[in-house]
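The values are calculated or read from the model by the stated rules, or taken from the named source; none is laboratory data. It should be emphasised that the depicted structure is a prediction, and the values quoted were computed from it without experimental measurement. Note: ideal-geometry Cβ built from the backbone for every residue, glycine included; neighbour counts use all protein chains shown.
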Amino acid sequence: MPNRANYAAVDLGSNSFHLLIARLEHGELRVLDRVREMVRLAAGVDRDGQLDPVVSDRALSCLQRFQQLLRRVPAENIRAVATQSFRKLRHPGEFIHQVEKTLGCEVEIIGGREEARLVYQGVNAHRPPSNEKTLVIDIGGGSTELVIGQADCIRHAESLQYGCVVVTRDYFGNGKLNRKRWLKAITSARGDLQETAHTFLKTGYADVIGASGSIRAILNICQQMHWCEQAITRNAIDRLITHMITIGDIDRLDIPGLSPRRRPVIAGGVAILAALFTALDINEMQVSQAALREGLLDDMLVRMHDSDPRQITIDAFALRYQIDTEQAMRVMQTCDQLAAATAKHWPLNNTQRNLLKWSANIHETGLTIAHSQYQKHSGYLLEASDMPGFSQLEQRFMAVLARHHRRTIPEEWHDGLPPRSHQSAAWCLALFRLAIILHRDRSNAAKHPEITGLNATNLCLKYDEQWSHEHPLTMHDLHIEQNMWQQLGLALRLPA
């Protein structure tokens, strides 16, 4: 039988795919196995967001090997995330479906700032405690993440839309490493860094830590060449660039400390790091062995201890948009009660129930923009905002609930959600809309209708004649709602 104390993190990066398996022992996750394969997904995504079939096959073959180890881990203990190259796909649905089928678990496409947060979390959890402001940098294949954090608090997080694979392809695509190409690559990266650099330099930081395969490879080279010791220095980077220009060709980069697998993309990583050192006034960078996958494992551990960072985000959202907390609490509690009462036939998992609860908590954010059609504004804010802790799919799920919690439900209500989420979203939206109706008067009602019948598509309510006379507006809304549920493939049954 699978060991329920085993956990797995899958990091589907733009350059490499990573698998980390750990066991929960004495409240800590201890690594049992790790696998890394350089897939170079970013090299297979063209400017129109189309994925090269050869690269797709290479990625799926890698995941088949991952799946052998994942068989021993319960699906609920696996967290798999996809980063920049998946974000760039024009039509990610079919490829994601193949990936999930191969892995045997759901995959979250996360935003750049969420990726940055998880990188920082991984680095911070695997270093001595510090209260100093720390800049953490991760150079991936398709993007570069920058974070300033202080202990467990994120001060700033940013994701730049270039990584070692992309920069190597754009500036060193023919393999030539002359000085003119280096200057173009570094100048372009510095140009994109201007606004971010200003914010980060104003905030300030005492320590700088690098956390990626590219940065670790650069440290290894510089150490082997005796250009630095325990940390990467600006002088070491300059000497490395000069050495690479002297060699002149990527295929001839036979440098001590550089693996053959890293050789094709190292030039882009060095160019980005050189630009970062200059733009962010860095003189020395420590290097961490931890990164995004360790952050995923730590994030799972944090969630198990009831300190889910997503709840912190929801609380901040409610405060920022001046939510009516009493009404939000009424709706949220009723949603939770309805989800519990319907659990046998409408089985929502813990994540879906949480998303329903959090949607109820902040469904009125749109009122800060306008009352008319405020649900549309709420949906937009939930989908487009930077929400630390949430994947893109989780934000879209909540946005769908917020956008359609009142008024008519259009035929295309579930657009943006993968087919596997349609049924759970329909159940959540039905319960959400019912809770909203029951609290239309924004009061703490002592009594609600009871659920007396339920199957996969039907929900029957029961109430007495006195209650119906005392709640004429609610009755009016319930009768209208019967027609609305048909769009969800569900039926709301009321007493004759």
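For this structure, a couple of remarks:
- Subset of region 78-124 [of a type in the set (A, V, I, L, M, F, W, C) and outside any helix (DSSP H, G or I)]: I78, A80, V81, A82, L89, C105, V107, I109, I110
- For H345, the criteria (1) under 20 Å from F317 (Cβ atoms); (2) touching a Leu at 6+ places or on another chain (Cβ under 8 Å) hold in every case but one, which is (1).
- Cβ-Cβ under 6 Å pairs, at least 6 apart or on other chains, region 195-223 side farther than 24 Å from P128 by Cα, far side part of a helix (DSSP H, G or I): A197/A279; C222/A236
- Residues being buried (at least 21 other Cβ atoms within 10 Å of the Cβ), in contact with a Gly (Cβ under 6 Å, 6 or more places away or on another chain) and not β-branched (V, I, T) - total across region 213-247: 1
- So L29, is it in the same structural domain as Q98 (by TED's automatic domain parsing), at pLDDT 95 or above and farther than 17 Å from V265 by Cβ: no
- Residue in region 28-41 that is part of a helix (DSSP H, G or I) and not hydroxyl-bearing (S, T, Y) present: yes
- Contact map, region 265-286: residues that are under 14 Å from N15 (Cβ atoms) paired with residues that are in a helix (DSSP H, G or I) and among the hydroxyl-bearing types (S, T, Y), Cβ distance under 6 Å, separation 6+ or inter-chain. Pairs shown: V265/T168; A267/T168; G268/T168; G269/S214.
- Failed item, numbered, when T457 is tested on (1) hydroxyl-bearing (S, T, Y); (2) surrounded by 20 or more Cβ atoms within 10 Å (Cβ to Cβ); (3) in contact with a Gly (Cβ under 8 Å, 6 or more places away or on another chain): (2)
- Selection from region 124-135 of residues that are in contact with an Asp or Glu (Cβ under 8 Å, 6 or more places away or on another chain) and either in contact (Cβ under 8 Å) with a residue 40 or more places away in the chain or basic (K, R) (or both): A125, H126, S130, E132, K133, T134, L135
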